[in-house]
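Trainee: To start, I am sharing the structure in question, which I have written as structure tokens.
Values in this text are rule-based calculations from the coordinates and carry no lab data. In this text the structure is predicted, and so the values were computed from the model without any measurement. Here Cβ is always computed from backbone atoms with ideal geometry, including for glycine, and neighbour counts include all displayed protein chains.
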Amino acid sequence: MKNLILIGGGGHCKSCIDVVEQTNEYNIVGILDSPDKVGQKVLNYEIIGTDEDIAKYAAKGYELLITIGQLQSADLRKNIYKKVKNSGGKFATIISPLAYVSKHSRIGEGTIVMHGAIINAEVEIGSNCIINTKALIEHDCRIENNCHIAVGAVLAGGVTIEKDSFIGANATIVQYLHLPPKTFVKASSLVK
Ligand code: JB2
């Protein structure tokens, strides 16, 4: 088992913990959050420090995963990503055993693919992304860094989502659309 530190101990963290536990690949050492939350627990895991401790755990060779969600802006996750990289930290890439991920796809570091997601052939997903529960990413899609594809969203074949974007729950993006950086798509939208 590899040691893992989670960064951010809110609602998204709970969903991430469930996915990490199902992989049977990681020992979750603890969570980093704000100073006032140190000592509290999220599910069975303790908040053991703050972002000031990232370098300490990176030096021990522990892997890290950002477990803060992303709705309006990617900035917080991007800043923490930089902090981990500057500390020489290694990101985990987490794939739920209950997801289907084509062997002909590529997934970047620090990205989590959650339960029930489907990632089809020739898909490329960047770093620091959330492919949330039951999202469907069809063939030949490209999702750049720091994107959140929320629960149940559907990307038809050949869609490109540029960096720092958010695709809301149950939204549908029709085939071969190319969406620019910082795109924000509201839940249940049909984008065509
Ligand atoms: O800079 C930070 C920081 N800022 C906020 N560093 C660290 N390590 N932690 C930080 N946090 C912590 O992130 C907050 O103290 C809080 O514990 C957590 C955010 O929790 P919250 O439940 O408010 O949001 P979330 O990002 O976990 O989940 C949102 O996004 C998900 C995608 C919710 O809207 C969920 O419902 C949604 N599924």
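Trainee: Could you look through segment 29-43, keep only residues that are surrounded by fewer than 21 Cβ atoms within 10 Å (Cβ to Cβ) and in contact (Cβ under 8 Å) with a residue 12 or more places away in the chain, and pick out the one that is nearest to residue 132 (Cα to Cα)?
Mentor: Across segment 29-43, the extreme among qualifying residues is 43.
Trainee: Sticking with this structure for a sec: On the given criteria, is residue 61 more than 10 Å from the ligand (Cβ to nearest atom) and either within 25 Å of residue 143 (Cα to Cα) or of a type outside the set (A, V, I, L, M, F, W, C) (or both)?
Mentor: Here the answer is yes, as residue 61 does meet what is asked.
Trainee: Say we look at segment 44-73 and pick out the residues that are of a type in the set (D, E, K, R) and in contact with a Leu (Cβ under 9 Å, 6 or more places away or on another chain); which of these is surrounded by the most Cβ atoms within 10 Å (Cβ to Cβ)?
Mentor: Within segment 44-73, the first condition is being of a type in the set (D, E, K, R), and the residues that meet it are 46, 51-53, 56, 60, 63.
Then drop every residue that is not in contact with a Leu (Cβ under 9 Å, 6 or more places away or on another chain), which leaves 51-53, 63.
Numbers: 51: 17, 52: 10, 53: 16, 63: 22.
If we take residues in segment 44-73 being of a type in the set (D, E, K, R) and in contact with a Leu (Cβ under 9 Å, 6 or more places away or on another chain), then 63 is surrounded by the most Cβ atoms within 10 Å (Cβ to Cβ).
Trainee: While we're on this one: Looking at segment 69-85, can you tell me whether even one residue there is away from the ligand (no atom under 13 Å from the Cβ) and more than 26 Å from residue 137 (Cα to Cα)?
Mentor: Yes.
Trainee: Being in contact (Cβ under 8 Å) with a residue 24 or more places away in the chain and surrounded by fewer than 18 Cβ atoms within 10 Å (Cβ to Cβ) is the filter; apply it to segment 107-126 and report the residue that is nearest to residue 169 (Cα to Cα).
Mentor: Looking at residues that are in contact (Cβ under 8 Å) with a residue 24 or more places away in the chain and surrounded by fewer than 18 Cβ atoms within 10 Å (Cβ to Cβ), I get 115.
Trainee: For segment 27-70, which positions are among the acidic types (Asp, Glu) and in a loop (DSSP other than H, G, I, E, B)?
Mentor: 33 - this is the single residue of segment 27-70 that is among the acidic types (Asp, Glu) and in a loop (DSSP other than H, G, I, E, B).
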